[in-house]
């Protein structure tokens, strides 16, 4: 298994990089969407980032359009939305796929690790109540799923 720190990713402005620059920090990797009922979580994520950044926490946001096409915008539109609506300062990456055959390698590694899930049951039931078919664990369930990496 490759180290997640070696997997190529793209910043929101198109710069190619790896997560190596975040090695040694606690990472909260989140797939985000701007047209989801969970979108207000940006506010809490930004507050968490502001409160804990000095202690080594990095919130890394990866926009994804996998779930009910709730992130239809371009990378530039997503950045404008996040900045203007939630004053997001944490790193925002280029839009990726987090599920399915075209899933980004980072999310392939994150789900292959089969991390413990917290709070999945209620969310799965809520989505089922709306008639939404979900991915089986350990796949990404929905928008704003979080992976904690480090310490």
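Could you figure out which of (1) closer than 26 Å to residue 5 by Cα; (2) in a loop (DSSP other than H, G, I, E, B) isn't true of residue 132? With respect to (1) closer than 26 Å to residue 5 by Cα; (2) in a loop (DSSP other than H, G, I, E, B), residue 132 is out only on (1).
Residues in the range 7-26 that are without any contact (Cβ under 8 Å) to a residue 24 or more places away in the chain and touching a helix residue (DSSP H, G or I) at 6+ places or on another chain (Cβ under 7 Å): 3 in all.
What is the residue count in the range 6-20 for residues that are surrounded by 11 or more Cβ atoms within 10 Å (Cβ to Cβ) and either part of a loop (DSSP other than H, G, I, E, B) or out of contact with any strand residue (DSSP E or B) (no Cβ under 9 Å at 6 or more places or on another chain) (or both)? Spell out how you get there, then give the answer.
Taking the range 6-20 as the starting set, the residues that turn out to be surrounded by 11 or more Cβ atoms within 10 Å (Cβ to Cβ) are 6-13, 17-20.
Within this subset, residues satisfying the condition of being either part of a loop (DSSP other than H, G, I, E, B) or out of contact with any strand residue (DSSP E or B) (no Cβ under 9 Å at 6 or more places or on another chain) (or both) are 6-8, 12-13, 18, 20.
Of the residues in that region, 7 qualify.
Residue by residue, here is whether (1) under 14 Å from the mean Cα position of the chain (by Cα); (2) within 19 Å of residue 16 (Cα to Cα) holds:
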site	(1), (2)
52	no, no
58	yes, yes
93	yes, yes
99	yes, no
113	no, no
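Bear in mind these aren't lab numbers, they're just calculated from the coordinates by the rules spelled out. Here the structure is a predicted model, which means the values were calculated and not measured. When we count neighbours, we look across all protein chains shown, and the Cβ atoms used for this are built from the backbone with ideal geometry, even at glycine.
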